[in-house]
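S.K.: There's a structure below that I have some questions on.
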Amino acid sequence: MFTWRLAWLNALASFMLNRFLGQFSKDVAIDLGTSNTRVFVKDRGIVMHEPSIVAVNTRTNHILAVGTSAKDMLGKTPPHIVTTRPLVKGVISDFEVTEKMLKYFVDKIHEDTFTLVPRPRMIMSVPLEITEVERKAVEDAALSAGAREAFLVEAPLAAAIGCGLPVEDSIGSMIVDIGGGTTEIAVVALGGIVTWKSLTVAGDEMTKNIMQYARDVFNLLVGERVAEEVKWRIGSSLDMGAPVEMEMRGRYLINGLPKQVIVNDGQIREALYRSVQMIVENIKATIEMTPPEIVADIYERGIVLTGGGALLRGLDRTIARETDIPVRIAEDPMTATVRGAGALLTHESLLKDISLPGTGIDA
């Protein structure tokens with residue numbers, strides 16, 4: 001009996017302390033992505049947009065840099081410094097590093113406040129195919145980083161809210177979220193996801209396509225940052241009319257020396273073709289699984305593209321041509337998910353309806 005009372009008193013004291021510290025903390029919404037992490041603060045909007053990259057000193061096991069400064073180290077570090085992505089395909093692959101990255105973001109947000117121990121309420125977006133154990137890892141990482149409460153929301157639902165789609169209505173909407181690690185295709189109605197597909201062909205895979213194409217065609221070994229720059233500058237899914245080209249630099253595999261080649265948009269389009277077709281085919285497959293009443297809504301309202309991959313030139317026109325359905329790119333597609341999660345900070349009833357239930361798994 002004494003042990004039970006002591007545990008109850010400890011829990012009550014912890015609850016009261018968190019509640020007190022919460023008065024001086026800023027509630028946040030976080031889009032924890034494979035490539036980028038975006039942070040939305042209540043009453044302030046999006047305050048951070050950083051790469052999901054952490055630099056670790058393996059000799060001391062200390063975090064050296066997070067976000068943009070860590071990305072600048074990619075491919076340039078000595079052996080004892082490792083730049084790592086703690087998330088793979090939208091889920092946590094390194095719990096300790098993810099926790100430290102989140103704590104870095106939380107502390108940075110509260111730099112101008114009086115609280116020494118921030119205890120914000122935290123809403124986080126998670127991929128559709130996340131398992132219960134993976135959800136538990138996200139919850140624990142958020143709580144270990146200082147959150148007093150952690151709510152998980154499926155990323156396509158958050159993106160739909162961020163785009164202003166009527167997610168609570170009986171009207172069906174289709175959203176395609178093309179992120180770094182995953183592409184998530186979802187049909188949303190009545191506050192839930194009716195049909196969906198998730199695939200690992202997304203922005204990072206397209207970057208790898210360009211790296212492989214350079215190796216196969218030019219015998220050129222290029223880095224991830226170079227391939228990503230080529231993708232954004234001249235990448236496209238269809239012929240845009242005016243041809244464009246740019247330099248691509250790397251190491252020539254024949255003699256191991258530096259080399260530069262000129263690539264054009266047609267070559268990069270060829271490199272990206274398989275990934276683009278995979279996304280298109282899965283969109284069509286999702287529509288085939290959707291109830292006909294909702295398909296009629298989608299045909300009338302169109303498909304909405306979000307995520308960084310939506311910015312690939314011509315992708316909206318390619319999908320529209322293949323599906324015979326109007327397609328539009330969301331306003332500021334890269335931040336749609338975090339804006340939707342941020343909107344839930346002030347919509348308690350909707351958050352309660354669409355947030356995922358607690359895992360109930362003991363730590």
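S.K.: Please indicate, with yes or no, whether at least one residue in region 105-113 is touching a strand residue (DSSP E or B) at 6+ places or on another chain (Cβ under 8 Å), farther than 30 Å from Gly250 by Cβ and either assigned to a strand (DSSP E or B) or free of Cβ contacts under 8 Å to residues at least 40 places away in the same chain (or both).
M.R.: Checking region 105-113: not a single residue is touching a strand residue (DSSP E or B) at 6+ places or on another chain (Cβ under 8 Å), farther than 30 Å from Gly250 by Cβ and either assigned to a strand (DSSP E or B) or free of Cβ contacts under 8 Å to residues at least 40 places away in the same chain (or both).
S.K.: Can you go through Asp140, Asp177 and tell me which one is in the same structural domain as Val280 (by TED's automatic domain parsing), of a type in the set (Asp, Glu) and either out of contact with any Asp or Glu (no Cβ under 6 Å at 6 or more places or on another chain) or not in a loop (DSSP other than H, G, I, E, B) (or both)?
M.R.: Asp177
S.K.: Then there's this: Only one of Ile254, Ile268 is out of contact with any strand residue (DSSP E or B) (no Cβ under 9 Å at 6 or more places or on another chain) and farther than 30 Å from Val167 by Cα; which?
M.R.: Ile254
S.K.: For residues that are in a helix (DSSP H, G or I) and over 27 Å from the mean Cα position of the chain (by Cα), scanning just region 279-293, find the one that is surrounded by the most Cβ atoms within 10 Å (Cβ to Cβ).
M.R.: Glu293
S.K.: Oh, and also: Kindly indicate which of Lys76, Lys71, Lys100, Lys89 is outside the structural domain of Gly223 (by TED's automatic domain parsing) and more than 22 Å from Glu224 (Cα to Cα).
M.R.: Values: Lys76 fails: more than 22 Å from Glu224 (Cα to Cα); Lys71 fails: more than 22 Å from Glu224 (Cα to Cα); Lys89 fails: more than 22 Å from Glu224 (Cα to Cα).
Testing whether each residue is outside the structural domain of Gly223 (by TED's automatic domain parsing) and more than 22 Å from Glu224 (Cα to Cα) leaves just Lys100.
S.K.: Of the conditions (1) closer than 28 Å to Ile30 by Cβ; (2) crowded, with 19+ Cβ neighbours inside 10 Å, Gln267 satisfies every one except a single condition; which number is it?
M.R.: For Gln267, the exception is condition (1).
S.K.: Test of understanding: among Ala343, Ala271, Ala330, Ala296, which residue is hydrophobic (A, V, I, L, M, F, W, C) and over 25 Å from the mean Cα position of the chain (by Cα)? Working first, answer last.
M.R.: Working: Ala343 fails: over 25 Å from the mean Cα position of the chain (by Cα); Ala271 fails: over 25 Å from the mean Cα position of the chain (by Cα); Ala330 fails: over 25 Å from the mean Cα position of the chain (by Cα).
The match here is Ala296.
The values are calculated or read from the model by the stated rules, or taken from the named source; none is laboratory data. It should be emphasised that the depicted structure is a prediction, and the values quoted were computed from it without experimental measurement. Heads up, the Cβs are rebuilt from the backbone with ideal geometry, glycines too, and the neighbour counts pull from every protein chain shown.
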